[in-house]
Structure formats: C-alpha cells, structure tokens
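Just below is one structure, and these are the notes that go with it.
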Amino acid sequence: MQFLELSLPVHDVPGSLAWYLALGFAEHETRDIRAYHYAVVGDGHFCIGLHGGEVAAASLSFVRPDVARYVRQRTAEGDQFEFAKLGEDQFNEAALADPDGTLFSIIEARTFSSAGIEPETEPCAGKVEKLALPCLRLEESIEFWQRNEFIVVESETEGMAELHAPGLTVELREGTRQIELIFEPENMQDCMQAVATIDLTVRATPDGHELVAPEGTRLLIRER
C-alpha cells in the first residue's frame with residue numbers, strides 16, 4: 001500500500017488548479033481513467049487530486065494490488081464499504097469512511113504520472129509536512145486508522161496523536177473539524193515574504209498563518 005494523493009471534491013477544477021499553481025505547486029499529467037475533469041498538483045512528494053465529479057468527500061487515496069480480493073476479505077471481517085467498484089471491465093476502487101467522514105480509498109493503479117516533476121519542486125510555503133484530519137473523538141479515529149495499517153505515534157500533548165503510512169504523516173487533534181495541510185518552513189520570515197508576493201489572502205491565527213483554497217481546503221503555515 002502506497003499513498004497516492006489527497007483526493008478532494010472540487011466544483012471549479014480550473015480555479016483550484018490555478019490557485020495551487022500560483023502558490024508554487026507543480027501540475028502532474030493525469031491519465032485517461034477518470035470520466036470527469038481531474039487535475040493533480042504536488043510539491044515533489046505530496047499530491048492533491050482535484051476531482052470535478054464522483055468524489056463526494058475528501059479521501060486519502062492509496063494504491064494497492066488486488067483491490068477486489070482486499071474488499072472481499074474486509075467485507076468478510078464485517079467492514080462496510082462506502083462504495084466498491086470492482087470488475088474486469090472497470091477501474092477497481094473502494095472506500096471506507098472514518099468516524100468523521102474522511103474516506104480511506106484504495107485503487108488498483110496510479111491515476112497520474114510524476115514524470116518531469118522535480119523532487120526539489122517546492123511551493124513558496126514549503127513542502128506539506130503533515131495532513132491534519134477532522135477528529136472529534138481521538139480514540140475512535142485512532143482505532144479506525146490503525147485498522148487500516150496506519151502506525152500510531154502517541155503525543156505528549158493530550159488529545160493529539162500522529163499517524164504514519166507509507167508516504168504520509170497525519171496529525172490528529174481532537175476537536176479538529178476540517179482538513180488542513182500543514183507547512184513548517186525552515187525560515188518562517190522568508191516563507192511569509194514569498195507568500196506576500198502572491199495575490200492570496202493570508203489570515204493570522206493562534207497556530208500560525210492560514211490560507212484557504214477555492215474549494216475550502218485550509219493550509220496552515222506554522223513554526224517548526
């Protein structure tokens with residue numbers, strides 16, 4: 001299992017795409033798999049899929065071989081999938097929902113190419129260090145993601161934990177209600193000066209500096 005992308009439902013794909021490109025993300029070449037407008041941006045290691053159809057909720061999408069077999073196994077164990085598209089004549093994918101509605105999706109193959117994308121590609125805010133997920137009850141969230149092969153690292157701070165999966169670090173903070181992309185630049189002053197050169201709205205918060213993408217995704221720039 002390998003992390004592919006944070007999949008987001010987007011009403012205006014060109015608008016969101018232009019916003020991320022202005023911030024310094026690179027656009028990936030998508031493959032002819034989706035029947036709707038689909039674009040992907042990345043920072044050299046973390047990718048965001050902008051889905052103009054079918055995707056109803058934010059999803060952590062992973063590539064996994066033999067999706068059909070995996071779905072049968074999990075169903076036999078009592079898990080209920082939000083959807084499962086299986087068959088030799090279609091692209092196999094399935095998803096489970098965590099307690100707060102974020103999807104854990106597995107798909108049979110990559111849906112975009114990273115050819116031509118330099119590993120040094122970096123938005124002016126830096127690289128995405130972590131992804132914060134909605135989490136109203138920490139223990140319930142931990143139980144779900146552990147069952148889906150995430151490794152939990154407990155925090156000394158009450159109500160917090162980190163989850164690790166191949167290619168992804170997730171931050172759980174009890175009470176979080178929206179997805180956040182977390183940036184922790186080495187030099188905050190240089191980072192904010194670079195962000196200031198772009199015509200984007202930045203709001204100061206107790207945790208750092210926040211930007212909001214057109215589709216509603218929050219980006220938090222904070223001190224290390």
Matching residues in the range 1-41 - criterion: being aromatic (Phe, Trp, Tyr), part of a loop (DSSP other than H, G, I, E, B) and buried (at least 20 other Cβ atoms within 10 Å of the Cβ): Phe25
Is at least one residue of the range 152-174 surrounded by fewer than 17 Cβ atoms within 10 Å (Cβ to Cβ) and touching a Cys at 6+ places or on another chain (Cβ under 7 Å)? yes
Of residues in the range 184-194 being in contact (Cβ under 8 Å) with a residue 60 or more places away in the chain and in contact with a strand residue (DSSP E or B) (Cβ under 7 Å, 6 or more places away or on another chain), the one surrounded by the fewest Cβ atoms within 10 Å (Cβ to Cβ): Cys191
Output yes when any residue across the range 202-210 is more than 22 Å from the chain's Cα centre (by Cα), more than 29 Å from Glu149 (Cβ to Cβ), in a strand (DSSP E or B) and hydrophobic (A, V, I, L, M, F, W, C), and no when none is. yes
Within the range 88-124, can you find the residues that are touching a helix residue (DSSP H, G or I) at 6+ places or on another chain (Cβ under 6 Å) and under 25 Å from Leu21 (Cβ atoms)? Pro123, Cys124
Look at the range 137-190 and say how many of its residues are of a type outside the set (Asp, Glu), in a strand (DSSP E or B) and more than 22 Å from Ala204 (Cα to Cα). 11
Quick one: which of Ala115, Ala94, Ala68 is assigned to a strand (DSSP E or B) and either farther than 21 Å from Ala165 by Cα or among the aliphatic types (A, V, I, L, M) (or both)? Ala94
Report, by residue number, each residue of the range 84-128 that is hydrophobic (A, V, I, L, M, F, W, C) and either touching a Lys or Arg at 6+ places or on another chain (Cβ under 6 Å) or over 24 Å from Ile142 (Cβ atoms) (or both). Ala84, Leu86, Phe91, Ile106, Ile107, Ala109, Phe112, Ala115, Ile117, Cys124, Ala125
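Throughout, read-outs are computed from the coordinates displayed, never taken from laboratory work. Bear in mind the structure is a predicted one, so any value in this text is a computation, not a measurement. Ideal geometry is used to build each Cβ from the backbone, glycine not excepted, and the neighbour counts take in all protein chains shown.
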